[in-house]
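Down below is the structure, laid out as structure tokens.
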Amino acid sequence: MSLTKLKRRVSELADLGAAIHLLHWDLETYLPPGAVADRASQLALLGRMEHELFVSEEVGEWLEAAAGEVRGLPPDADDVRAVEVTRRDWLRARRVPAAWVEEFARLGSLAQHAWREARAGAGFGHFRAHLERLVAARREYAGFFAPYESVYDPLLEDFEPGMTARRVGALFDELRPALVTLVAEIRERGRPIDAGCLAGDFDEAAQEAFGLAVLRRMGFDFERGRQDRSAHPFTSPVARGDVRITTRFDRRLVASALFSTMHEGGHALYEQGIAEEYARGALGRAASLGLHESQSRLWENVVGRSRGFWSHFYPQLQAHFPGLAAVPLETFYRAINRVEPSFIRVDADEVTYNLHVMLRVDLELALLGGELAVAELPAAWNDRMREYLGIVPPDDARGVLQDIHWSGGSFGYFPTYCLGNLAAVQIWDAAVRDDPGLPAAIARGELGRLREWLGAKVHRHGRKYEPDDLLRRATGRPVEAGPYVAYLRSKYGELYGL
């Protein structure tokens, strides 16, 4: 049967993809600096092999025959959906030359190493030529899918199937004024919040121990995953039985590493929770990066910055850091939710975070559209920071060089963070509607109850449903800005006495 042959090829590609993921994980964690050029060649070759195995004529023949074999099954049958998503992926991949795939993989590996050196002190100039090549490559990639309404649309499709620049822009246009207004109200009328208790000297080993304890409570399976350190936290879904996350530590800040761990833990729970029968198959990945980010942002913020969560976990944090013994829970809770414009996106509060995302999307559109040269990017970044947040970073490490995404050529990824924030609140609201006792359970430290709901409603389905369809099934609505704005208004109105 052609369906059997197709499934076998998809499984082989999943195994090859796992090897690529593992090499990327090693590149970002333990690879010796002298091995970067070799790793770039390895990843380029594997990327080309993966691409050529997939876009072959025989796969097209199997797809055509398999479509006939599943005809008559229900539209949402697993085999029907597997054939549909594989055909969509195959048609897109066929537009991209194998030589481009190989060269792009090589460029990304070299650029990520240059980015780490630039961020560590070599400066933006050290990274500039690499970024120029990546921007040109991404423009070329978009051209493979012409005609399009926006050069951004083909890039968005890779991360968020069905999403367009027009739709993202409409969500941003609704969200931006609400955020700017709330920030202004907090600045002008809000009760001041002192976050001094979050700064000091906090032992990294103790931070790690506490973070791992929370990760276990969330339900992260350490038999099928691990946590390491990297310059920029990330999740690497090598396979269903091998999901790796990284974090980073700052002795000066007590909560930064924990929120990073919970964020990546949310990603990992999604990967570990995809139905076992989908492993190594067409449906065995997340529905979209926006839904992926909804899981990370839900755990990091909606849960991790909630009063209920800390009513249980704060005594444990105090046990790790006795210096917090004199700091009341309410003082700590208010401190971790303080709204203040900041340089670093991953450390931004919930109210200003999406402004960081919008800044990056603005710059991506300008770069890809040819309206902004890479050489002008640091100055443009600082101008946007002044416009959006009223601050200017003192150096490029805390400015244009802070994120890893562009060094890997991931243009079009940043909107998924905002989409994830919006969806996270919709998903939380739906979970509480289904289980009104959920907030009280979290206040008792029972995090597994939420994980089980997410597993049933989101995680286990993998790619069986389109992103919008999956969100509608879980929450009753497509992604929208209103619930998120209402969440911010309620939470921060109470915190700041608005």
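The values are calculated or read from the model by the stated rules, or taken from the named source; none is laboratory data. Nothing here was measured: the structure is a model prediction, and the numbers come from that model. Quick reminder, even Gly has a Cβ in these numbers, built from the backbone with ideal geometry, and neighbours come from all protein chains shown.
Observations, loosely collected:
- Single condition residue 84 does not satisfy, out of (1) in contact with an Asp or Glu (Cβ under 7 Å, 6 or more places away or on another chain); (2) modelled with pLDDT of 95 or more: (1)
- Residue match in the stretch 83-92 (condition: hydroxyl-bearing (Ser, Thr, Tyr), under 27 Å from residue 10 (Cα atoms) and more than 22 Å from the chain's Cα centre (by Cα)): yes
- For residue 114, the requirement of being out of contact with any Pro (no Cβ under 8 Å at 6 or more places or on another chain) and free of Cβ contacts under 8 Å to residues at least 24 places away in the same chain is not met.
- Selection from the stretch 391-439 of residues that are among the β-branched types (Val, Ile, Thr), assigned to a helix (DSSP H, G or I) and closer than 22 Å to residue 179 by Cβ: 416, 425, 427
- Residue within the stretch 154-171 that is more than 25 Å from residue 482 (Cα to Cα), out of contact with any Leu (no Cβ under 8 Å at 6 or more places or on another chain) and surrounded by 14 or more Cβ atoms within 10 Å (Cβ to Cβ) present: yes
- Of 213, 205, 231, 279, all but one fail to be at pLDDT 95 or above, under 30 Å from residue 113 (Cβ atoms), surrounded by fewer than 22 Cβ atoms within 10 Å (Cβ to Cβ) and not polar (S, T, N, Q); the exception is 205.
- Filter result (assigned to a loop (DSSP other than H, G, I, E, B) and free of Cβ contacts under 8 Å to residues at least 40 places away in the same chain) within the stretch 314-350: 325, 326, 328, 348, 349
This table checks each residue for (1) in contact with an Asp or Glu (Cβ under 9 Å, 6 or more places away or on another chain); (2) under 18 Å from residue 87 (Cα atoms).
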{"position": "3", "(1), (2)": "yes, yes"}
{"position": "6", "(1), (2)": "no, yes"}
{"position": "9", "(1), (2)": "yes, yes"}
{"position": "13", "(1), (2)": "yes, yes"}
{"position": "18", "(1), (2)": "yes, no"}
{"position": "21", "(1), (2)": "yes, no"}
{"position": "27", "(1), (2)": "no, no"}
{"position": "42", "(1), (2)": "no, no"}
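- The residues on offer are 371, 364, and the sole one that is out of contact with any Gly (no Cβ under 6 Å at 6 or more places or on another chain), closer than 30 Å to residue 139 by Cβ and not in a helix (DSSP H, G or I) is 371.
- Whether a residue is touching a helix residue (DSSP H, G or I) at 6+ places or on another chain (Cβ under 9 Å), farther than 30 Å from residue 367 by Cβ and without any contact (Cβ under 8 Å) to a residue 12 or more places away in the chain was assessed, and residue 446 passes this test.
- Residue count for the stretch 256-276, restricted to those that are over 13 Å from residue 346 (Cα atoms) and either among the basic types (Lys, Arg) or assigned to a helix (DSSP H, G or I) (or both): 10
- Residues within the stretch 465-477 that are over 15 Å from residue 292 (Cβ atoms) and part of a loop (DSSP other than H, G, I, E, B), tallied: 2
- Cβ-Cβ under 6 Å pairs, at least 6 apart or on other chains, the stretch 175-200 side closer than 13 Å to residue 496 by Cβ, far side part of a helix (DSSP H, G or I) and charged (D, E, K, R): 193/334
- If you check 452, 446 for being in a loop (DSSP other than H, G, I, E, B) and more than 30 Å from residue 104 (Cβ to Cβ), only one passes: 446.
- All of 146, 165 fail the test of being modelled with pLDDT of 95 or more and either of a type in the set (A, V, I, L, M) or touching an Asp or Glu at 6+ places or on another chain (Cβ under 8 Å) (or both), apart from 165.
- Taken over the stretch 6-34, the criterion of being touching a residue at least 60 places away in the same chain (Cβ under 8 Å), of a type outside the set (Phe, Trp, Tyr), surrounded by 14 or more Cβ atoms within 10 Å (Cβ to Cβ) and over 23 Å from residue 97 (Cα atoms) is satisfied by 7, 22, 27, 28, 29.
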